[in-house]
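Undergrad: The following block contains the structure, expressed as structure tokens.
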């Protein structure tokens, strides 16, 4: 099972990214757990300064932008 | 993967969309002012030079102009900014001394995308990389102050000179403020856990972003921003139009003019609750400038609107103690007051 982490304090952009991640999981048709990471320490530990950030299985795939569900779905397969 | 590419839908190629968009923008840009004149004076048969005619023409000429500028320039600025994420800026700033660092940091503040919800991770990220506190604050002052909406509106409504003066003044406040905060050695007012994080941040892998991504992101961001600020902008331009058409010049001069020594602090106070609402206020300010409000007072007002943001101060409480927030706010406010008085004194 894939683990998707959405990094961000909960601003509208973070919520939009989370929604896109859910859609991506549905598109990809795989099982994945989506976790919201709001703790600044954890966000900093990933080296992300511009939220929202997206982490798949511990790897930062995007930050400071909201990738489309299609892009996220492709990353899920990568 | 085939199902994925199907689900993503079919659109004309991005190059075609961009070309059509740019041509449409240029046509609209050159047609809008004559159209506004024609509409107010020929179609509505308002008298040139009358109160109502002036107000209607101001409104009709400003609204499309401002929207065109926002859509065009914010998209371009956002596209440029996508190449300067704070993660990259941090790497460029690390290891520099306080002076060179503050100057570079204030300059980066202009091009780096910033939103107040990112202020905390940004602060932690800077401190964690060993960037001095003063340099970090130079960035925190310049980044919101020189924001894209303010810049676009200043350029479009006041002309390039005032927009550039605004940027220069903003940079000065940021550099001096950063140096001052650096010299005061306020490290003790940073929450201890932030220091403990120093050196723990992993080297982040460069994330690949294509040109197509950047262009789509920039356009989406711009549309979202314009949608959000439209109501404020319309109200602002409406009030600006009323001032332009009706407010007597003597009244503006009496309140905001050079003869009133408290004009600068008064406008800064007025700006406090308007934080970051550049969209609604700049059109009003434009009308006031036209009615004789001096440039220094005008600059102070606009800088106070963009740079003194209560929500940002509150959110920064997560990483710094109230004393440092107070010093930060104080330094910015004093800097803005100085700019106001300075420009009022040198520009007659």
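Undergrad: Please work out the FRET efficiency for the pair residue B:224 and residue B:310, using the Cβ-Cβ distance as r and a Förster radius of 22 Å; give the result to the nearest 0.05.
TA: It comes out at approximately 0.45.
Undergrad: So how much slack lies between residue B:326 and residue B:45, counting 0.36 nm per residue of separation and subtracting their Cα-Cα distance, in nm?
TA: My answer for the length gained is 95.7 nm.
Undergrad: OK, next. Packing-wise, with mean Cβ within 10 Å as the measure, how do B:301-313, B:229-241 rank, highest first?
TA: Answer by packing, highest mean first, reads B:301-313, B:229-241.
Undergrad: Can you give me the Cα centroid spacing of region B:211-274 and region B:291-310 in angstrom?
TA: 10
Undergrad: Under the classification rounded if a/c is under 1.5, otherwise prolate if a/b is larger than b/c and oblate if not, where does the protein assembly as shown fall, given a ≥ b ≥ c as square roots of the Cα gyration tensor eigenvalues?
TA: The shape class here is oblate.
Undergrad: Kindly state, to the nearest 0.05, the FRET efficiency for residue B:35 paired with residue B:259, given R0 = 45 Å and r defined as their beta-carbon distance.
TA: For R0 = 45 Å, the calculated efficiency reads 0.65.
Undergrad: Over the whole of A:32-45, what's the average partner chain Cβ count within 10 Å per residue? Rounded to a whole number, please.
TA: 3
Undergrad: A follow-up question, please. Percent relative contact order of region B:278-348, based on C-alpha pairs within less than 8 angstrom and at least six residues apart?
TA: 47
Undergrad: Could you work out which residue, out of B:156, B:95, B:109, moves most in a Gaussian network model of chain B, that is, has the largest mean-square fluctuation with Cα springs under 10 Å?
TA: B:95
Undergrad: Report relative contact order for region B:71-191 in percent, whole number only (criteria: Cα-Cα under 8 Å, sequence separation at least 6).
TA: 31
Undergrad: Say R0 is 51 Å: what FRET efficiency, to the nearest 0.05, do residue B:195 and residue A:26 get from their beta-carbon distance?
TA: 0.75
Undergrad: Also, quick follow-up: Pull out the extension gain between residue B:318 and residue B:249, defined as 0.36 nm times the separation in residues minus the alpha carbon to alpha carbon distance; nm, one decimal.
TA: Length gained, residue B:318 through residue B:249: 20.2 nm.
Undergrad: I would also like to ask the following. Hey, how many Å between the Cα centroid of region A:1-69 and the Cα centroid of region B:135-185?
TA: Going from one Cα centre to the other spans 32 Å.
Undergrad: Then there's this: Just order B:136-147, A:10-21 by mean Cβ neighbour count inside 10 Å, highest at the front, would you?
TA: Ranked by mean Cβ neighbours within 10 Å, highest first: B:136-147, A:10-21.
Undergrad: Please give the residues of region A:38-59, grouped as numeric ranges, whose backbone N is less than 19 Å from a label point set 7 Å along the Cα-to-Cβ vector of residue A:19.
TA: Residues A:51-54 fall inside that zone.
Undergrad: Evaluate peptide B:43-54: per residue, the Cβ atoms of other protein chains within 10 Å of its Cβ; return the mean as an integer.
TA: Per residue, the number of nearby Cβ atoms from other chains is 0 on average.
Undergrad: Under the 0.36 nm per residue contour assumption, what length would be gained going from the current alpha-carbon distance of residue B:96 and residue B:188 to full extension?
TA: Computed gain between residue B:96 and residue B:188 is 31.0 nm.
Undergrad: State, as an integer percentage, the relative contact order of chain B based on alpha-carbon contacts under 8 Å between residues 6 or more apart.
TA: 20 percent.
Undergrad: Take every residue in peptide A:23-31, count the Cβ atoms of other chains within 10 Å of its Cβ, and give the average of those counts.
TA: 1
None of the figures in this text is laboratory data; all of them are computed from the coordinates on show. Predicted model, so just to flag it, every value in this text is computed and none were measured. Heads up, the Cβs are rebuilt from the backbone with ideal geometry, glycines too, and the neighbour counts pull from every protein chain shown.
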